[in-house]
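Below is one structure; the comments refer to it alone.
Each reported figure results from applying straightforward, stated rules to the coordinates on display, with no laboratory input. In this text, all values refer to a predicted model and were calculated from it rather than measured experimentally. Don't worry about glycine lacking a Cβ; one is built from the backbone with ideal geometry, like all the others, and counts go over all protein chains shown.
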Amino acid sequence: MPTGSSTASLNLSGRIPELDGLRGIAIGSVLIWHYFVTPTIVAPATPLSYALVLGRLTWSGVDLFFVLSGFLIGGILLDARASTNYFRVFYTRRFFRIVPVYFAVLFVLPLVTSVGRSMYHDGFMWFRAESTPLYAYWIFMQNFWMAHAGNFGGYGLWMTWSLAVEEQFYLTLPILVRFFSGHRLLALVLAGLCLAPLLRIVIHFLWPHNWAAPFVLMPCRADALLLGVLAAILLRNDAWRNRIQRSKLFFGVSLPAFLVGIAYFNIKSPDIKTPFMQTVGLTWLALFYVNVLLFALTSPDSLVSRALRAKWLAWLGGIAYGTYLFHQPIQGLLFGYFRGGSPVIDGGYTLVTTLLALALTLAAARLSWRFFEQPLIRFGHQSSYQFVPPQSNEVSPSTPESVRS
């Protein structure tokens, strides 16, 4: 696929407010799932039970994160493909963005949990039950242990399986983008898109009782990540970008169609453990999210894009990483200390505990962003990509493809 050098009216090099909004929706969905949907005990056929039905798929906020990560990281790599320090700068920046705050959680959480166990032994027995070995978290390999055990491990670090998936993805994507381009890169991305659901199907038939493996292993989740990469490729191509911008009819059909499918999953197969969701549903959700992303970026005057530019969504999206890392540890610790057990909403007192956990999580994430994450990101971005100027009579292998063509 030839790559154009222009991005027309769509600026992909700066901060895109619609992406902050999508990130805010992703983390908001995860919070709703872990804080309100799963812990709430409610009688069937009541108004609250029907309201909770609407949140059955909020766990898929993680899939939206995957699509966004594929789009953002794929775009960064595509733009920097010709740089002379491509790998060093990419991994330096990724390290300072992801690792320090993650390692801080891995260091602090066991200490706080140990104190809780010594003070309230029975109230904290559940917190690290079925725990994955701690060293696996430090090397981003916990998803393999989870797949083997058939569970998410200790409650306070459940959510980190998705970080392991993304880190493992970052080990492979830069190599593909660096050494393949045009139609070859596109073919590899499409092959990975097809391979991921096929792997989930194979694992389901070979080990039908292990729901965790197809859900937490990187190759099985690569379809959502690669759909984001595909979107980044298409929007950096003049012809494809123009087609997408003119595809009002396509989005008018595809988005409602995907919503109908999601409504069906929500009613018939909302659980991540169901065969239908693991084989087909995960790809369907990712396709819906990438459609929303493409529509929002190419239709800035639409109602969807205007909604995604809301300031409160951008604020929530800005602290999404810290919120994601902190929300389950804080929720679990509060319930362990105040309720002596795992998070359950069965009355006013437990609801207040949940709301307190939510407030503390958002406050901690904001402080982390302001005083910890943001300075580290700025430090990491002191490493900048360097490019060799194009020669007049000689084509350098590090010259951007748009110049060579």
Mean Cβ count within 10 Å, highest first, over the residues of peptides 131-137, 64-70, 260-266:
64-70, 131-137, 260-266
Using amide H atoms built in the peptide plane, which far-off residues or other-chain residues are under 5 Å from Thr40 H to H?
Ile345
Given the DSSP H assignment, sum -39500 (n - 2.57) over each helix run of at least 4 residues in the chain and divide by its residue total; what's the result at 222 nm in deg cm²/dmol, nearest 500?
-21500 deg cm²/dmol
Can you list the HN-Hα couplings for region 294-307, worked out from phi with the Karplus curve (6.51, -1.76, 1.60; θ = phi - 60°), rounded to whole Hz and with x for Gly and Pro?
5, 5, 5, 6, 9, 10, x, 8, 6, 4, 4, 5, 5, 5
Could you please state, rounded to a whole Å, how far the C-alpha centre of region 172-211 is from the C-alpha centre of region 14-57?
29 Å
Shape of region 263-340 from its Cα gyration tensor (a ≥ b ≥ c, root eigenvalues): rounded if a/c is under 1.5, otherwise prolate when a/b > b/c, or oblate?
oblate
For region 17-404, report the convex hull volume of the alpha-carbon atoms normalised per residue, in Å³, without decimals.
151 Å³
Farthest positive-ward along region 17-404 dipole, Cα basis, beta-carbon charges - from His183, Gly61, Asn143
His183
Shape verdict for region 34-186, please, from the Cα gyration tensor: rounded (a/c under 1.5), prolate (a/b greater than b/c) or oblate.
oblate
Mind giving me the FRET efficiency for Asn242 and Arg184? R0 is 25 Å, r the Cβ-Cβ distance, nearest 0.05 is fine.
0.60
With +1 at each Lys and Arg Cβ and -1 at each Asp and Glu Cβ, the charge dipole magnitude of region 17-404 around its Cα centre, to the nearest 20 debye, comes out at 540 debye
In percent, what relative contact order does the chain have, based on Cα pairs under 8 Å that are 6 or more apart in sequence?
32 percent
If packing is taken as the average number of other Cβ atoms within 10 Å across a peptide's residues, how do 225-234, 71-80, 141-150 rank, most packed first?
225-234, 71-80, 141-150
Could you run the Karplus curve 6.51 cos²θ - 1.76 cosθ + 1.60 with θ = phi - 60° over region 330-335 and give me ³J(HN,Hα) per residue in whole Hz, x for Gly and Pro?
5, 4, x, 5, 5, 5
